[in-house]
Amino acid sequence: MAELEAESLHFSVGILGISGGSLLLLVNNYGSSPEKSLIPHTALGVLLLIIAALLAYSGVRRSLSQSHLFSSVCLTVSALWGGSGLIYLLVGERVLGATELRTSLVPGLAAFTLALLILAIVSLFQREVVIFIITLSISLACGHQIAGLSSPGFGQSATAACYLLVTLVGTYFGCGRLLSFITQGRVEAPGTRLRKRKAGGRGSRGPEDCNDVVPVGLVMNLLSASVLACPLLAVVPQLSAGHVPWLWTAAVFQLGVCVLSYRAMDSLTATFYGFTSILHFTEGYSALLTAPSISIHPSSPIPFPVVFSVLFFILALFSCQKTLAEGLYQLFFVAYTIALAAQPSLSFQAGAQGVQAAIFVVSAVMLLVTSYNMSANRIPTGEGMFKAVVMRISSLTLRPRDRQLHDPYLGYSRYADAEVLGHACSVLAAFSIASSVDDRDPLVVLVLPWTVVAGGILQLLVGSVAFARGKTLESTAFILYGVMWSVWGLTRYGGLYGDTRGFNVAVGIISFLLFNSLVTVGALFLNIAWFLYAATFHLIIISFLLDAVGALPYGYDIGVSIVFGLVSFYCFLSGLFNMTFLTPQMPLGRALVRLSGKGGEGRDICPHVPARKATAVHQIAEIMKNGGICGMPTDTVYVLVAACNRPEAVEKAYRCKQQAQDRPMSLWVSSINQLEPVRSLLSPLLWDFMSAAWPSSISMVIPRGPWMEMFGLGESAKHIGTPQSIAIRNPDCAVATHLINLVGPIAVTSANPTGEADTTHHNQVYAKLGDKVDGVLCDGPSPENTASTVVDCTKIESGHIGFFRVGLVSKSQVLQIFEEVQKRHSHGQINPGFETDLTEPGPKLTDPQRHTEQHHTQSLESSPLPPATLSPSYGDTSPLPPATLSPSYGDTSPLPPATLSPSYGDTSPLPPATLSPSYGDTSPLPPATLSPSYGDTSPLPPATLSPSYGDTSPLPPATLSPSYGDTSPLPPATLSPSYGDTSPLPSDSPSYRPWVRTTTEGS
């Protein structure tokens, strides 16, 4: 329900955002004239950018909930208004001339007209009426806006009419969904209910096929192709600075598609759109340099486009494992990069523009097929052909394509592995600087976008994804190299370097050199490939240093760049190959330096399984049942656990931990029900305190007793707690409690050697404890880095508790819980009705009344059985042995059940006909003589009865037990302190054990 409400809110935000933007353009088109715009271009641009950001947020949030069609519409309209807003802003600030508005807007509007029309057709097939009306209307509005740029009298009115329809439909539907969200579904406008997504269709498809943002990436390729192909078709004179907003909008959105594809566990698609975003940034940068104010026609480094085409070709081959159509589509970009290599001037004319025209057509077809197949999957795309070919080759074994493919070596991650893109970007950055600039203007050679975007921005993105996957060394390397490529690219090839070579630049480069030395040393513990990768980049930094001090040997920088590029290319190729094939594997080499407990190799020694899978928890439980010790996540930090019924495992955990004498192990249970067998041996106040405080991050230190023998600890019990006390806890963690339910109570200690910091990630468990651990339940970083609160309950009977350690739960919270328990406990033991009897004398009795009371008192005191024979029944007051009790609830009568009254809790041996209808009445007197008191069984008149609740004793209040509802005439000292319990039976009475099957179960 909460997820549906969240989707409703995001849907409302998206629809209302589209309505708001449409209303803005509606007013502007209706109120503008050919001579003057109603809303100034600057203000219009800013407003459109704000709305575009809002739509992008809504689209991203909806893509995370796998609502591909609405997400695609939101992100597409966001790109449309974002690019248009930038152009209006540049015209308003006079960066572009007013006459350039038409030539700047037309290529982008043409692309979005076609893209939105395709989305409208798909929504029509999917019966999404609202999305169909919105996309078709905005598509027609874009088409009319193109006409309006040539004939304002015709186009503006038609554009306004289309946006009017979008405003009306979007406002009604968006407000209806918002009203439903506010009222939590109680009020819904007619026709505004969201259609439920069918369970079929995509249910059998792999996780990589559920990438809902692929259509957005195709729309961005359609946009860039339209901008570059329009000059070829003479729609616009030439590529100009006014087209930069469209190209860079496409690049930014494809970076977002790249990140969301990693989130969808689709690393191949993420790598592809990472490549295309680099191309679009470069195309926009080249168009910017051709502006009249700069007037530079840059040339590309000759080896670079060839290298890019090789990377595209390899990626296209491996992408065929998804669908053949996708691999063929990527081959068009191979042709495009080859066309760029054939014209070093990089003017994006002739051959390159012809290939872009083909990409425009193919992107439109792929957009239609991909959007349609995401829900219906009826158009064949060659899915499975790659697998069929590989299966004919006996030496190759495909790796299953599921989410486990992208699991980090220890545990779970929300992102797929991004190292393939990181190594590919290193290849591009290395070969881009292989071209010598000499004394020419650095802007003349097109190196800056390749180094800053590919080597800088993309490397930082890859480093962030690697960090999210728990890869500390890899993320450090990618982020460090990204910063280095960005700084060096901007200074050396951005015109900022100049004549500043000297000591200041050298100091900065030396700092990078020192940082990379640490990365190189760390790579010794990873594998040979990563060590060579870090060491060769060390050589590149040295070339930067020599260049800064003016001592660079001729050809040294080109040589080390090529070497680093080749090492990076091998890492790129091996990453793709090993991700696709299970056997054989391209070798990366073993670690040059190996230490015991290396986390990256822990999976080869002991199981490291994700805690989110029930099968994984069962696997760890079986290991523990067989005497193993395992690392486990909790509501605080990771711990090392062993089953209490396996004493050898507890001994092993104690020795593995090198436990200090002042830090004994503790006992954990899944719920207080697992302590039911020893409940009679625990204080009632302590039991109530446990019930109120658990499950939580509170550990309670309680007095040690013989009851610990019931858990099967044997001789290992000496390692749990101290000779006087023991710490016990019920964690507030679903994974931990489920595991304890499977194996029973467990012995627990922190998953780190004594004296070291707490373990806050599953990677650290094996790294700290080594191969002594038999399994690790992986759940990523700990939710809290603070340990539990340890409460001293050894003197709880005196009404006081202490604190050994204040952790996640504050001291005030614990004291508040304890005070509430104390209040409830005191109310349960002291009957408020007795307070009047203790302070005020009762009414004077007549002789017959006094005689009746004495007779009743003598009958109660005449019980020959000692207190030890009392029944443990709830509220039971019978002095008979438990063996003679009736199975009735609370029944204490020694007579056979057939003679018992059907009254609830009736204990009278008289026939039912003579019983009073009073609730729980046990008096044999006629009903006419009974007091109207609730549950009162005294034969005295009502005026002489005590106002206590359920009080049936005629004895003076001083002799009554403080138990709630207790009717025993015995002194209070002999009564059990349990709630309502009046029996002092020994602890071997039958009790419920939740993890042990009794002999009577199922009878």
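Observations on the model:
- Residues of the stretch 1-55 satisfying the condition of being modelled with pLDDT of 90 or more, touching a Phe, Trp or Tyr at 6+ places or on another chain (Cβ under 8 Å) and small (Gly, Ala, Ser): Gly21, Ser22, Gly45, Ala52
- The stretch 666-691, subset among the aromatic types (Phe, Trp, Tyr) and in contact (Cβ under 8 Å) with a residue 40 or more places away in the chain, residue nearest to Thr749 (Cα to Cα): Trp668
- The stretch 681-734, residues that are among the hydrophobic types (A, V, I, L, M, F, W, C) and over 40 Å from the mean Cα position of the chain (by Cα): Leu681, Leu682, Trp707
- Options Ile528, Ile542, Ile558: the member that is over 18 Å from Cys571 (Cα atoms), in contact (Cβ under 8 Å) with a residue 40 or more places away in the chain and open to solvent by 20 Å² or more (accessible area, probe 1.4 Å): Ile558
- Scanning the stretch 317-338 for residues that are of a type in the set (A, V, I, L, M) and surrounded by 20 or more Cβ atoms within 10 Å (Cβ to Cβ) yields a total of 1.
- Test for Thr113: is it free of Cβ contacts under 8 Å to residues at least 60 places away in the same chain and over 18 Å from Leu222 (Cα atoms): no
- Residue count for the stretch 273-302 satisfying the condition of being of a type in the set (A, V, I, L, M) and surrounded by 22 or more Cβ atoms within 10 Å (Cβ to Cβ): 3.
- From Gln156, Gln145, Gln184, residue being at pLDDT 90 or above and farther than 21 Å from Ser72 by Cα: Gln145
- Residue under evaluation Gly456, criteria (1) among the small types (Gly, Ala, Ser); (2) at pLDDT below 85; (3) under 30 Å from Tyr554 (Cα atoms); (4) under 30 Å from the mean Cα position of the chain (by Cα), criterion not met: (2)
- Residue count, the stretch 25-37 (criterion: assigned to a helix (DSSP H, G or I) and open to solvent by less than 30 Å² (accessible area, probe 1.4 Å)): 4
- Residue pairs whose Cβ atoms lie under 7 Å apart, separated by 6 or more positions or on different chains, with the first residue in the stretch 236-250 and at negative phi and in a helix (DSSP H, G or I) and the second among the β-branched types (Val, Ile, Thr) and modelled with pLDDT of 90 or more, are Gly242/Ile87; Gly242/Thr103; His243/Val227; Pro245/Ile87; Trp246/Val227; Leu247/Val227.
- Remark: Glu784 falls outside the filter, which requires a residue to be within 28 Å of Ile672 (Cβ to Cβ), in contact with a helix residue (DSSP H, G or I) (Cβ under 8 Å, 6 or more places away or on another chain) and not aromatic (Phe, Trp, Tyr).
- When the stretch 97-119 is filtered for residues that are open to solvent by 30 Å² or more (accessible area, probe 1.4 Å) and farther than 16 Å from Leu239 by Cα, the ones remaining, listed by number, are Ala98, Thr113, Leu114, Leu117.
- Test result for Arg202, modelled with pLDDT under 80 and either more than 29 Å from the chain's Cα centre (by Cα) or within 20 Å of Ile131 (Cα to Cα) (or both): no
- Against the conditions (1) at pLDDT 95 or above; (2) open to solvent by less than 10 Å² (accessible area, probe 1.4 Å), Cys74 satisfies every one except (1).
- Residue in the stretch 118-134 that is more than 34 Å from the chain's Cα centre (by Cα), farther than 16 Å from Tyr372 by Cα and assigned by the TED database to the domain that holds Pro40 present: yes
- Among the residues of the stretch 780-803, those that are farther than 30 Å from Ser683 by Cβ and open to solvent by less than 30 Å² (accessible area, probe 1.4 Å) comprise Gly780, Ser782.
- The stretch 724-779 holds no strands (runs of 3 or more DSSP E) entirely within its bounds that carry 2 or more residues that are modelled with pLDDT under 85 and open to solvent by less than 10 Å² (accessible area, probe 1.4 Å).
- Flag if Ala270 is open to solvent by 10 Å² or more (accessible area, probe 1.4 Å) and under 24 Å from Tyr415 (Cα atoms): no
- Residues within the stretch 699-716 that are open to solvent by 20 Å² or more (accessible area, probe 1.4 Å) and either of a type in the set (A, V, I, L, M) or in a helix (DSSP H, G or I) (or both), tallied: 5
- Subset of the stretch 633-667 [in contact with a Cys (Cβ under 9 Å, 6 or more places away or on another chain), under 25 Å from Trp707 (Cβ atoms) and surrounded by 24 or more Cβ atoms within 10 Å (Cβ to Cβ)]: Thr634, Leu640, Val641, Ala642, Val650
The values are calculated or read from the model by the stated rules, or taken from the named source; none is laboratory data. What you see is a predicted model, and the numbers here were worked out from it, not measured in a lab. Quick reminder, even Gly has a Cβ in these numbers, built from the backbone with ideal geometry, and neighbours come from all protein chains shown. The accessibility values were calculated without ligands, DNA or RNA, using every heavy atom of the protein model including side chains. Shrake-Rupley method; radii C 1.70, N 1.55, O 1.52, S 1.80 Å.
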